[in-house]
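Engineer: This is the structure, below, for whatever I ask next.
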Amino acid sequence: MPQGDVQALDSYLEAASAGSASAMSNIGCLHEHGECGVAMDKSEARNWYEKAANLGNTRAKENLELLQQSNDEYKIRTDLPLAWRRSSYAFLPVSH
């Protein structure tokens, strides 16, 4: 893996562990697309997007919606806040 990719991933992981929703969303994107030496893993992408979305990251919420549209395993989430259940985010994936 190129050194720049390692540094980018390390920076995102460090920022995510410090609570950065933006970094969490970026890590989700890396997993969704298999970039920076990260294996493509839609389930892991969903986990990172959910973490970021729970912290209010709008891009992560949008990415979850797009991920949902490309995946058939989604069900209505009854564990989400009522406002989310009334929106398209009610179809976020159920954690296994």
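Engineer: Can you run down the residue pairs with Cβ atoms below 8 Å, 6 or more apart or on separate chains, where the first is in the range 15-27 and farther than 15 Å from GLY56 by Cα and the partner is of a type in the set (Ser, Thr, Tyr)?
Structural biologist: ALA15/SER22; ILE27/TYR12
Engineer: Give just the number: which of (1) modelled with pLDDT of 60 or more; (2) in a loop (DSSP other than H, G, I, E, B) does VAL94 not satisfy?
Structural biologist: With respect to (1) modelled with pLDDT of 60 or more; (2) in a loop (DSSP other than H, G, I, E, B), VAL94 is out only on (1).
Engineer: Which residue out of GLU32, GLU14 is of a type in the set (D, E, K, R) and within 21 Å of GLN68 (Cβ to Cβ)?
Structural biologist: After applying the criteria, what remains is GLU32.
The values are calculated or read from the model by the stated rules, or taken from the named source; none is laboratory data. Owing to the predicted nature of the structure, the values given are computational and were not obtained by experimental measurement. All Cβ positions, glycine included, derive from the backbone under ideal geometry; neighbour counts span all protein chains shown.
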